[in-house]
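K.L.:
Please read through the structure below; I'll follow up with questions.
The numbers here are math on the coordinates, done by the rules we state, and not lab data. Given the structure is predicted, the values throughout are model-derived calculations rather than measurements. Glycine gets a Cβ as well: all are built from the backbone with ideal geometry, and neighbour counts include every protein chain shown.
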Amino acid sequence: MKTTIFKKTLAVLAAVMLVASMLVPMMSVTASADDTATMNATGSISTNATVLNIPKGIVMRNVEDGNYCCCVIRYNFSIASATPPSGATVGAVQVKPGVAAAVSITSQPNFIQELVQMNSSGQETTKNITITVDPTKFTAPGVYRYVITDNTTSADLYKVGIVRNNNAAQTPVDYQTTRYLDIFINSNSVQGGSYGVAGYVLMKNNPASNDTNVIQKSAGFIQSDSLGYDLYRTYNVRLEKVIEGSLADPNHEFPFTVTINNNDGNGLTKRYFWAKNTISTWTPSTIVSDDPFANTDAQDLASVSLKGKDVVYIRGLVPMATVSYTETNDTNDTYKVRVTGQKDPNNSTNLDTLVEAADKAHGATTVLPAQLVSTYTTVNSTNDVSKVPDVTSARDVKFHNKIDAISPTGVVLRFGAFIIMAGFGVYFLILAAKSRRREATSVI
């Protein structure tokens, strides 16, 4: 009896051990997949998800807070099988090169002229790289490694005004165009085949182990990754009217013609915003018909009249925008006119003369030719997207109109000689009259 019980016990233990031995490999992958819930780039994903979204960002910056239009660019990313380092493992599971046919990018990050609330320190706007996984292409469960690459050309970035900034606190500091992706595939009879996606991990490097103490997890192609980021800067300009001289009329509004070419390097007209006197009431400019704001009210800044101390602000200009101004003297007075450019809007003494002082009578015009809002630094005649565009000295412009006062002293000096000559003439006439009277008396 005891022998029978002993044999039955051994049989049960053997069965348990056999089942356990079959479950261990599956548990090791499942556990690793579960661990990825805290390691995913865009947050945890549901079991068997087949669509992964990897964020791509553009940091927008301006000299002041406000709403601005993002640049228009469609990025070009690719995904391919990656070869992991020899012996790369996740727990007890060896990392395999990805199955190329199992993944594809079904949506590229596409940025349009949508309004973005941004600030002077920079606001990042993001779009997704959408990756679709086909579980039926896998023939075994495991961990599969891929590499995602940003193939957007420097010329495309340059055209829209994007520069790739470095992060000095990180090595390497240059913009890193690649991220590595581990996809966890488990046995699953539900998802259109025998396998399913259990999770994924996005990484900055190609590690030999997915241990959380070894890998460098990535949040995507965004600024927080500290691997360089794309920066898009919009620019502001300012036109100010200055009327000088005690005989000049400070309240007369001089008419200006303003020409703004706010096209990016692709020839796309971008929206800008402008306001007179105050920046509290911005007016949007017109835009191309396929722009998302095409149905909103818009008005180009084509002409404006300015009196002394009036200011026109224009913001949201692309780096390659040009602005020109033409002032007309519609008074009957002659003004001496000069135009100055201000490098630093916070330093009113830092002025460069753009148009020399000249007398302008009624109907005369003063033209400031088209000034580039910003300029790129080029290296060896190629597009260089590693430097932030410089701002030219003509970003802020002042039109000075002046009539010099005529002093009373000047009036006396100017007519004094004529008064003296006239006095002498009267004196001689009196002497002549007296002389005639004497002659007449002597004759009698």
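K.L.:
What ranking do 129-135, 143-149 get when scored by the average of other Cβ atoms within 10 Å per residue, highest first?
P.N.:
So the order, starting with the most tightly packed, is 143-149, 129-135.
K.L.:
Pairs K56/K137; K270/K307; K96/K159; K241/K270; K270/K398; K159/K276: which exceed 32 Å Cα-Cα?
P.N.:
K96/K159
K.L.:
Would you please put 360-369, 220-229 in order of how densely packed they are, using the mean number of other Cβ atoms within 10 angstrom per residue and starting with the highest?
P.N.:
Averaged packing, sorted descending, gives the order 220-229, 360-369.
K.L.:
OK, next. From the residues N266, H252, V237, which one has its Cα farthest along the dipole of the range 227-267 in the positive direction, the dipole being from +1 and -1 charges on Cβ of Lys/Arg and Asp/Glu about the Cα centre?
P.N.:
N266
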